[in-house]
Amino acid sequence: MVVGMRRILALSLIAAAPLSAEDKSVPKAIGLTGKKTEPAESDPLKTGSLPNSTNLLAEKAARLFSKRDFAAARAAYREMLQFSPENALAWANLGAVEQQDGNLPAAISCFEASVRFNEQLVQSWIALGLLYSQRGDRYKAISSFARAIHEEPLNPSAHNYLAIEANGLGWSATAMAELQRAIELDPNYGLAHFNLATLYLDQKPPARVLAKKHYEKALSLGVAKDEVLERRLDPK
């Protein structure tokens, strides 16, 4: 059995409350890697904002999402879109609801609408890449992650996910470069260390010393152990 690279496919709401272009103290958003990240310089075009008139509705939708009441959360975001049909962030959050509720086609449609209305919304491009990958459309996934990097070159998650897709196509040099870049941007990115360890093990001959270094770093950062990878690190 060959150990594969790891990713996180459960999407979170990109923002739980409306943001305004004038607000420079933007709250931290829940990123698609499951960890908190600062929006890029609080750029409203890249982070998005919900309609100013829907504060209470946005809070209600976020509460419903956290309770996994997806039907009610969906209804709240659709109501929000009645106020602002072209709001990219509302479409993105509706997409997160659909993905969590297991409706992949609807989730993809929502995130496609999100980037159609705001081509600079980085987290929507990342979400689209993850969903295209889940659908098995690797080339569209690569295109989405590449666009996310174009919009926000310092986003380590986008580099990690691009590496996974590149490796799936046999582009090992590209995958290596993207993972190294992800770790350069965030030395404590456990999944990137884990993925780099698997890549070093896939080399011929395997670079076990480097693989062990990154695997142990991943474990120290909370990534779960992998018995298959450990057997490959220390073959009997």
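The values are calculated or read from the model by the stated rules, or taken from the named source; none is laboratory data. Note that the structure is a prediction, hence the values are computed from the model and not measured. Backbone-built Cβ (ideal geometry, glycine too); neighbour counts: all protein chains shown.
Looking at Ala211, Ala207, Ala218 in this structure, which one is within 20 Å of Ser157 (Cβ to Cβ) and aliphatic (A, V, I, L, M)?
Ala218
I'm trying to understand the selection: among the residues of region 202-223, which are among the hydrophobic types (A, V, I, L, M, F, W, C) and over 25 Å from the mean Cα position of the chain (by Cα)?
Hits for region 202-223 are Ala207, Val209, Leu210.
State whether the residues of region 179-195 include one that is within 15 Å of the chain's Cα centre (by Cα) and among the acidic types (Asp, Glu).
The answer is yes; a qualifying residue exists.
I'd like to know if region 141-159 contains one or more residues that are surrounded by fewer than 18 Cβ atoms within 10 Å (Cβ to Cβ) and in contact with a Pro (Cβ under 9 Å, 6 or more places away or on another chain). Before the answer, list the steps.
Initially, region 141-159 is screened for residues surrounded by fewer than 18 Cβ atoms within 10 Å (Cβ to Cβ), giving 143, 146, 150, 153-154.
Those left that are additionally in contact with a Pro (Cβ under 9 Å, 6 or more places away or on another chain): none.
No, because not a single residue in region 141-159 is surrounded by fewer than 18 Cβ atoms within 10 Å (Cβ to Cβ) and in contact with a Pro (Cβ under 9 Å, 6 or more places away or on another chain).
Quick one: which residue in Phe145, Phe65 is at pLDDT 95 or above and of a type in the set (Phe, Trp, Tyr)?
On the way: Phe65 fails: at pLDDT 95 or above.
From the options Phe145, Phe65, the qualifying one is Phe145.
Looking at (1) touching a strand residue (DSSP E or B) at 6+ places or on another chain (Cβ under 9 Å); (2) closer than 30 Å to Val209 by Cβ, which is the only condition Gln123 fails?
Among (1) touching a strand residue (DSSP E or B) at 6+ places or on another chain (Cβ under 9 Å); (2) closer than 30 Å to Val209 by Cβ, Gln123 violates only (2).
Any chance you could count how many residues in region 67-103 are among the polar types (S, T, N, Q), more than 20 Å from Leu128 (Cα to Cα) and in contact with a helix residue (DSSP H, G or I) (Cβ under 8 Å, 6 or more places away or on another chain)?
1
Out of curiosity, is Val122 surrounded by fewer than 16 Cβ atoms within 10 Å (Cβ to Cβ) and either more than 23 Å from Ala96 (Cβ to Cβ) or not charged (D, E, K, R) (or both)?
Considered against the rule, which asks whether it is surrounded by fewer than 16 Cβ atoms within 10 Å (Cβ to Cβ) and either more than 23 Å from Ala96 (Cβ to Cβ) or not charged (D, E, K, R) (or both), Val122 comes out as no.
Across region 160-180, what is the number of residues that are farther than 15 Å from Tyr139 by Cα and either touching a residue at least 24 places away in the same chain (Cβ under 8 Å) or crowded, with 24+ Cβ neighbours inside 10 Å (or both)?
So in region 160-180, the residues farther than 15 Å from Tyr139 by Cα come out as 160, 172-173, 176-180.
Add one more test, that the residue is either touching a residue at least 24 places away in the same chain (Cβ under 8 Å) or crowded, with 24+ Cβ neighbours inside 10 Å (or both), and what stays is 160, 172, 178-179.
Number of matching residues: 4.
Only one of Ala224, Ala182 is among the aliphatic types (A, V, I, L, M), assigned by TED's automatic domain parsing to the domain that holds Ala166 and not in a helix (DSSP H, G or I). Can you tell me which? Break it down stepwise before answering.
Numbers: Ala182 fails: not in a helix (DSSP H, G or I).
Answer to the check: Ala224.
Could we say that Ala96 is outside any loop (DSSP other than H, G, I, E, B), assigned by TED's automatic domain parsing to the domain that holds Phe145, farther than 25 Å from Glu152 by Cβ and modelled with pLDDT of 90 or more here?
Details: outside any loop (DSSP other than H, G, I, E, B): yes; assigned by TED's automatic domain parsing to the domain that holds Phe145: yes; farther than 25 Å from Glu152 by Cβ: no; modelled with pLDDT of 90 or more: yes.
No: the conditions fail for Ala96.
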